[in-house]
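Reading through the structure tokens given below for one structure.
The values are calculated or read from the model by the stated rules, or taken from the named source; none is laboratory data. Just so you know, these numbers come straight off a predicted model, no measurement behind them. Here the Cβ is made from the backbone with ideal geometry for all residues, glycine too, and neighbour counts use every protein chain on show. Surface accessibility is based on the protein's heavy atoms, side chains included, excluding ligands, DNA and RNA. Shrake-Rupley method; radii C 1.70, N 1.55, O 1.52, S 1.80 Å.
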Amino acid sequence: MQATIRWQGNVCFEAESGSGHTILIDGPPDHGGENRGPRPMETLLLGMGGCASFDVVHILRKSRQDITDCRCEIQAERAEDEVPAVFTRIHLHFVVTGNNLKENQVRRAVELSAEKYCSASIMLARAGVEITHSYDVEAA
């Protein structure tokens, strides 16, 4: 994998993935930014949530579950009064919607993502971040 980060002035950067997609990463005005994109640490959370959500949807589809929506809500805490202000806790809550979904299949998909497949969350857990998961199943 590769990526390129290009400075756009002040504290704004254009991040380009190896697959050719770009996003702006910016800081808040009190740090010289213009709020034109997510903060770098927010981007890390977005990547982790995307990685875990990809896994959950993929596993449920493979299990022939009729999934119509999947939302991952993330709450994170960072070390206070420390530099670097690393993540200390991250909670991922999945809301999975579908027709006749089996709760045990949803639970298993979330567990497999957390324990085996989500490279991003497993990497952060190995670095000492406390990562927890929960889920709700909703009818379509």
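What to note about this one:
- Considering (1) within 24 Å of ALA139 (Cβ to Cβ); (2) touching a residue at least 24 places away in the same chain (Cβ under 8 Å); (3) open to solvent by 50 Å² or more (accessible area, probe 1.4 Å), the lone condition that ARG61 does not fulfil carries the number (2).
- Annotation: of all residues in the range 24-57 being within 30 Å of ARG107 (Cβ to Cβ) and among the aliphatic types (A, V, I, L, M), the one that is most open to solvent (accessible area, probe 1.4 Å) is LEU46.
- Number of the exception - ASP81 against (1) open to solvent by 60 Å² or more (accessible area, probe 1.4 Å); (2) assigned to a strand (DSSP E or B): (2)
- Hits in the range 1-23 (condition: outside any strand (DSSP E or B) and open to solvent by 100 Å² or more (accessible area, probe 1.4 Å)): MET1, GLN2, HIS21
- The range 119-140, subset assigned to a helix (DSSP H, G or I) and not small (Gly, Ala, Ser), residue farthest from ARG71 (Cα to Cα): ARG126
- In this structure, GLU111 does not satisfy being loosely packed, with under 13 Cβ neighbours inside 10 Å, of a type outside the set (A, V, I, L, M) and within 30 Å of ALA140 (Cα to Cα).
- The one condition in (1) under 23 Å from THR132 (Cα atoms); (2) touching a Leu at 6+ places or on another chain (Cβ under 7 Å); (3) of a type in the set (A, V, I, L, M, F, W, C) that CYS12 fails to fulfil: (1)
- Tally of residues being acidic (Asp, Glu) and either closer than 24 Å to CYS72 by Cα or touching a residue at least 60 places away in the same chain (Cβ under 8 Å) (or both) across the range 17-58: 3
- The lone criterion from (1) open to solvent by 40 Å² or more (accessible area, probe 1.4 Å); (2) part of a helix (DSSP H, G or I) left unmet by ALA76 is number (2).
- Test: residue in the range 107-118 that is of a type outside the set (D, E, K, R), part of a helix (DSSP H, G or I) and touching a Phe, Trp or Tyr at 6+ places or on another chain (Cβ under 7 Å): yes
- The listed residues are LEU92, LEU101, LEU60, and the only one of them that is assigned to a loop (DSSP other than H, G, I, E, B) and farther than 27 Å from ASN10 by Cβ turns out to be LEU101.
- With respect to the conditions (1) closer than 20 Å to ALA125 by Cβ; (2) more than 17 Å from the chain's Cα centre (by Cα), GLY27 lacks only one, and its number is (1).
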